[in-house]
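Q: Once you've had a glance at the structure underneath, I'll fire off some questions.
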Amino acid sequence: MHIPQRPIVRRFLRRSRRVTRYALIFTLLAAALGAYGSYAIASYFDTHRWEFRSPVQTPVVVTVRTEAAALAETIPLWQQLNLTGIEKQICQRFGTDCKMAMAISKAENGSRTCELIHKNKNGSVDVGVFQINTVHFDKYSQRQLTDCSTNLDAAYELYLEQGWNPWVAYLNGSYKKFLK
């Protein structure tokens, strides 16, 4: 049985089809823009590297990632430089700041000897690989700081708290000749 359609009903059906078409078009556009936006964001993070550092330095550094840099990120720096022993431990502890830590430890303690103790003219004592001064001995004893691992722990804690400022080699710039 056929029900006759009145002009109002016909207009409503035409409008609802139009609305449905617009809704469909809008949905497709939104999906396309969403997909492109996701792609754009993903490709940005594929080509850029974000590094979060200590607030003492520049807190966030964004660099363009190259293929060589992407490969280097997958291989730890100590392996890239073929390091062993105490140098490997320094790189593992300091991570991305490995080269700076290596330069400072070399400038402070030329041989990177764990047991090295140096008495200063003012009566204070510097101990270990990073030559940690007695003013920082509140947490560690002199004997503990002659252990390489403990000395690295203490040096890393100092670095996180104060940056490189506790080391004279940093303040006077003598570490620069050991940067590679």
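Q: Could you pull out the pairs from K106/K177; K121/K176; K106/K139; K99/K177 whose alpha carbons sit more than 20 Å apart here?
A: Pairs exceeding 20 Å: K121/K176; K106/K139.
Q: Sort the following peptides by mean Cβ neighbour count (other Cβ atoms within 10 Å, averaged over residues), highest first: 164-176, 112-124, 22-34.
A: Going by the mean number of other Cβ atoms within 10 Å, highest first, we get 164-176, 112-124, 22-34.
Q: Once phi is turned into θ = phi - 60°, what whole-Hz ³J(HN,Hα) does the Karplus curve with 6.51, -1.76 and 1.60 give for every residue of the stretch 29-35, x standing for Gly and Pro?
A: 4, 4, 5, 5, 5, x, 5
Q: For the stretch 101-112, what does the Karplus curve 6.51 cos²θ - 1.76 cosθ + 1.60, with θ = phi - 60°, yield as ³J(HN,Hα) per residue in whole Hz, taken in order and with x for Gly and Pro?
A: 4, 5, 5, 5, 5, 5, 5, 6, 9, x, 9, 6
Q: If you don't mind, another one. Tell me, Kirkwood radius of the stretch 76-178 from alpha-carbon pair distances, in Å?
A: Here the Kirkwood hydrodynamic radius works out to 13.5 Å.
Q: I'd like the Karplus ³J(HN,Hα) series for the stretch 147-155: coefficients 6.51, -1.76, 1.60, θ = phi - 60°, whole numbers in Hz, and an x wherever there's a Gly or Pro.
A: Listing the rounded values in order: 7, 4, 5, 5, 5, 5, 4, 5, 5 Hz.
Every read-out reported here was derived from the displayed coordinates using simple, explicitly stated rules and does not represent laboratory data. This one's a predicted model, so the numbers in the text were calculated from it and none came from an experiment. All Cβ positions, glycine included, derive from the backbone under ideal geometry; neighbour counts span all protein chains shown.
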